[in-house]
1. Hey, can you tell me all the residues within region 426-442 that are hydrophobic (A, V, I, L, M, F, W, C), in contact (Cβ under 8 Å) with a residue 24 or more places away in the chain and either outside any strand (DSSP E or B) or on the phi > 0 side of the Ramachandran plot (or both)?
2. Kindly evaluate Phe16 against the criterion of being modelled with pLDDT of 95 or more and either open to solvent by 30 Å² or more (accessible area, probe 1.4 Å) or in contact with a helix residue (DSSP H, G or I) (Cβ under 9 Å, 6 or more places away or on another chain) (or both).
3. For region 82-108, how many residues meet the condition of being part of a loop (DSSP other than H, G, I, E, B) and under 21 Å from Ala22 (Cα atoms)?
4. Determine if region 301-311 includes at least one residue that is touching a Gly at 6+ places or on another chain (Cβ under 7 Å), closer than 24 Å to Val368 by Cα and surrounded by 18 or more Cβ atoms within 10 Å (Cβ to Cβ).
5. If you check Val355, Val456, Val368, which single one turns out to be assigned by TED's automatic domain parsing to the domain that holds Asp306 and in contact with a strand residue (DSSP E or B) (Cβ under 6 Å, 6 or more places away or on another chain)?
6. Out of (1) surrounded by 13 or more Cβ atoms within 10 Å (Cβ to Cβ); (2) over 30 Å from Ala379 (Cβ atoms); (3) at pLDDT 60 or above, the odd one out for Lys280 is which?
7. Is it the case, given these coordinates, that Ala106 is surrounded by fewer than 20 Cβ atoms within 10 Å (Cβ to Cβ) and under 20 Å from the mean Cα position of the chain (by Cα)?
8. Which one is modelled with the lowest pLDDT among residues in region 182-200 that are under 30 Å from Ala281 (Cβ atoms) and loosely packed, with under 13 Cβ neighbours inside 10 Å?
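The values are calculated or read from the model by the stated rules, or taken from the named source; none is laboratory data. The structure displayed is predicted, hence computed values, not measured ones. Because the Cβ atoms are built from the backbone with ideal geometry, glycine has one as well, and the counts that use them run over all protein chains shown. Heads up: the accessible areas ignore ligands, DNA and RNA and are worked out on the full protein's heavy atoms, side chains in. Shrake-Rupley method; radii C 1.70, N 1.55, O 1.52, S 1.80 Å.
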Amino acid sequence: MILETYRALLATADDFEGWRDAARGLAEAGVPPSAVSWQVMGQGTDLFGWLPDAPLAPPGPSFAVPRPFIDLAKAAICHSNPERFGLLYGLLLKLRDDRLAMEDRANPLVERLHQMAKEVRRDAHKMHAFVRFREVKDEEGVRFVAWFEPDHHIVRREAGFFVRRFSNMRWSILTPEQSIHWDGTRLTEGPGARRADAPDGDPVEETWKTYYASIFNPARVKVKAMTKEMPKKYWRNMPETALIGDLLAGAQAREAAMIERSEAMPRRSSNIAASWEALKAEAARCTRCKLYKCATQTVFGEGSLDPTILFVGEQPGDQEDLAGHPFVGPAGQLFDAALQEAGIDRSTTYVTNAVKHFKFVQRGKRRVHSKPDAGEIEACRWWIEQERGLIKPPLTVALGATAARSLIGKIVTISKVRDEPLTLADGSECWITVHPSFLLRLPDEEARLSERARFVDDLKRVRKRATQLIR
């Protein structure tokens with residue numbers, strides 16, 4: 001029996017690789033969880049310096065663990081609970097004896113680690129949603145700086161999200177534990193910071209406050225749900241939250257006024273149209289990715305601002321790029337015919353694209369469509385979120401895999417998700433079908449007719465569901 005206690009020293013609080021190597025060595029040596037002291041370098045490790053280090057794993061293959069355990073461990077190890085390392089090691093030993101141990105959700109250890117991973121993912125969601133950059137000037141020009149206070153050790157884990165989304169900006173995210181900095185090509189880390197190290201605001205925030213106030217809907221205010229999703233500790237980092245108190249104070253009066261005027265006025269006010277025009281004008285100057293350099297112009301969404309359905313395509317094609325309007329080329333003509341056959345009036349819908357600039361390869365005099373990459377989709381995803389946030393469609397349809405990735409945030413297989421709705425982050429429904437250009441590319445006439453009929457059926461199903469949602 002092993003009686004000796006070992007010290008497993010990790011480089012950082014989220015050091016998955018270090019934990020994995022130490023856990024493997026300990027497991028190979030048969031060390032029980034109670035005989036391991038897990039420590040993070042710089043966090044009181046001198047008190048345990050007298051303990052022998054964890055044994056190294058022998059060379060060669062070790063025992064295998066299910067892939068879901070790796071995913072669970074990578075998330076749970078970022079939790080702030082100091083017991084996380086030992087809990088994961090305990091589950092690892094159980095998996096060595098029983099590869100199905102993770103499937104027993106009645107096991108308190110398994111359930112506890114899943115809950116910890118869930119809390120880490122929730123914290124990451126809040127970081128994505130509540131980080132607000134402020135513009136500052138330094139010796140190299142403009143830099144955008146944000147302050148955030150995570151509950152768990154997620155900063156390094158989530159750095160890639162911000163690199164992908166803001167790849168063309170120079171930015172820094174400061175937190176009490178550590179800071180990350182992106183210079184446009186390289187990501188670096190720094191020590192923790194203080195709230196006073198981050199700027200308080202910039203001129204852009206006044207425009208943002210005006211926009212936020214114009215889309216604030218008092219009829220949808222649920223204070224408890226709002227504060228649960230957006231805890232007050234994040235409010236001081238976000239310019240729009242300075243308006244929430246006054247907006248909530250008059251919410252009931254505004255709601256009553258809205259109901260009183262509802263029969264005499266359209267559901268959308270002129271403020272929505274003005275905000276949309278301002279958003280479109282801002283998008284016309286977009287330089288968030290390199291596609292603007294070769295495209296003729298930004299092709300923004302268009303249609304009803306009080307739509308029954310919002311359609312999202314991939315990107316403008318050659319004719320759309322020249323005309324400045326979405327879905328006017330061959331695929332757009334097929335789309336219009338399919339809408340008419342499905343009983344959908346395009347004028348009652350809003351049509352846009354996941355990417356707003358035409359990406360192409362020049363072949364002689366022809367400009368041939370080129371599929372947007374992940375960075376370009378992420379860079380343009382901001383515009384889709386602003387369009388949907390402003391218009392608030394009851395139902396959104398993704399036309400093709402690129403649109404689905406933009407809306408959902410991950411790659412999906414259309415054949416697997418085509419017949420059932422998905423729920424987007426704002427709680428609304430999203431249906432996914434093929435892009436009309438897919439039908440044009442099919443070489444076989446019989447296949448084209450069959451797939452076109454299925455596409456029309458998808459649109460009919462969407463029309464029926466949209467009717468149910470707006471009743």
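1. Passing the criteria: Val434, Phe438, Leu439, Leu440.
2. The answer is yes for Phe16.
3. Of the residues in that region, 4 qualify.
4. So the first thing to find is which residues in region 301-311 are touching a Gly at 6+ places or on another chain (Cβ under 7 Å), and the list is none.
Within region 301-311 (the criterion being touching a Gly at 6+ places or on another chain (Cβ under 7 Å), closer than 24 Å to Val368 by Cα and surrounded by 18 or more Cβ atoms within 10 Å (Cβ to Cβ)), the answer is no, since none of the residues qualifies.
5. Val368
6. The failed condition is (2).
7. For Ala106, the condition - surrounded by fewer than 20 Cβ atoms within 10 Å (Cβ to Cβ) and under 20 Å from the mean Cα position of the chain (by Cα) - is not met.
8. Of region 182-200, the ones under 30 Å from Ala281 (Cβ atoms) are 182-184, 198-200.
Adding the requirement that they be loosely packed, with under 13 Cβ neighbours inside 10 Å leaves 184, 200.
Working: Gly184: 90, Asp200: 72.
Top of the filtered list is Asp200.
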